[in-house]
Amino acid sequence: MRELTEAGGRRRDQIIAAAMVDVATELRLTDPSELIVMIRGEQAANIADLVNSSGELFFRGGALRYALSAGCDVQWDTTPVVRLDMEFHYAAVSAFFKLTIGRKRAGVEVVEVLVDGEDDLDDAIKDERLRGAVAAARAPPRKLGARPAA
């Protein structure tokens, strides 16, 4: 049973990771020193604004949120790495995950996936619900030069 859970966890990591590529790329445009100052200064509202503005480019409003916990690894001989706890909520599906962003790479570790009102779902159904919720939460593509809807 444990192997199924681990395999399900890897599949969910892949689903969320694929969904987060554009968001992570957008977040990486932020000056790392500014992001580190926000994290070390416990400026949760500023980090949430940054995550919201990056997420809303690719997801419907409110689908992706900063989960009010972050950390960073800063050492003299390596590039900084930032970790953000994140939440995805859409279509009765909630996913809680850690997003790690480095200079060239980003990674995701899904902590938990919940489906409202359904406690005993097997891994395959959870994966399918998550995949469907992520697809449904995607913001419609914008035309080049179009302004976002108010």
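Key figures for this structure:
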read-out: Every residue from segment 50-79 that is out of contact with any Lys or Arg (no Cβ under 8 Å at 6 or more places or on another chain), over 15 Å from Ile16 (Cα atoms) and part of a loop (DSSP other than H, G, I, E, B); value: Glu56, Leu57, Gly61, Gly62, Val74, Gln75, Trp76, Asp77, Thr78
read-out: Matching option when the condition is surrounded by fewer than 21 Cβ atoms within 10 Å (Cβ to Cβ), more than 27 Å from Arg129 (Cα to Cα) and out of contact with any Cys (no Cβ under 8 Å at 6 or more places or on another chain), among Gly41, Gly62; value: Gly41
read-out: First in segment 10-23 and over 15 Å from Lys104 (Cα atoms), second anywhere and in a helix (DSSP H, G or I), Cβ under 7 Å, 6 or more apart; value: Arg11/Asp127; Arg12/Asp127; Arg12/Leu130; Ile15/Asp127; Ile15/Leu130; Ile15/Arg131; Ile15/Val134; Ala19/Val134
read-out: Those residues of segment 97-134 which are acidic (Asp, Glu) and either in contact with a Ser or Thr (Cβ under 6 Å, 6 or more places away or on another chain) or under 30 Å from Asp77 (Cβ atoms) (or both), in sequence order; value: Glu109
read-out: Only one of Val21, Val74, Val115 that is closer than 23 Å to Ala137 by Cα, of a type in the set (Val, Ile, Thr) and in contact with a helix residue (DSSP H, G or I) (Cβ under 7 Å, 6 or more places away or on another chain); value: Val115
read-out: Hey, Ser53 surrounded by fewer than 15 Cβ atoms within 10 Å (Cβ to Cβ), over 23 Å from Leu130 (Cα atoms) and among the hydroxyl-bearing types (Ser, Thr, Tyr) or not; value: no
read-out: Selection within segment 34-73 - of a type in the set (S, T, N, Q) and either within 23 Å of Ala91 (Cα to Cα) or in contact (Cβ under 8 Å) with a residue 12 or more places away in the chain (or both); value: Asn52, Ser53, Ser54, Ser69
read-out: All positions within segment 65-82 that are modelled with pLDDT of 90 or more, among the hydroxyl-bearing types (Ser, Thr, Tyr) and surrounded by fewer than 18 Cβ atoms within 10 Å (Cβ to Cβ); value: Ser69
read-out: Matching residues, segment 96-136, being under 17 Å from the mean Cα position of the chain (by Cα), more than 22 Å from Arg28 (Cα to Cα) and among the aliphatic types (A, V, I, L, M); value: Val111, Val113, Leu114, Leu130, Ala133, Ala135, Ala136
read-out: Any hit, segment 106-128, residues being under 22 Å from Val37 (Cα atoms) and buried (at least 17 other Cβ atoms within 10 Å of the Cβ); value: yes
read-out: Residues within segment 83-93 that are modelled with pLDDT under 95 and surrounded by 13 or more Cβ atoms within 10 Å (Cβ to Cβ), tallied; value: 1
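The values are calculated or read from the model by the stated rules, or taken from the named source; none is laboratory data. The model shown is predicted, which means the values in this text are computed figures rather than measured ones. Ideal geometry is used to build each Cβ from the backbone, glycine not excepted, and the neighbour counts take in all protein chains shown.
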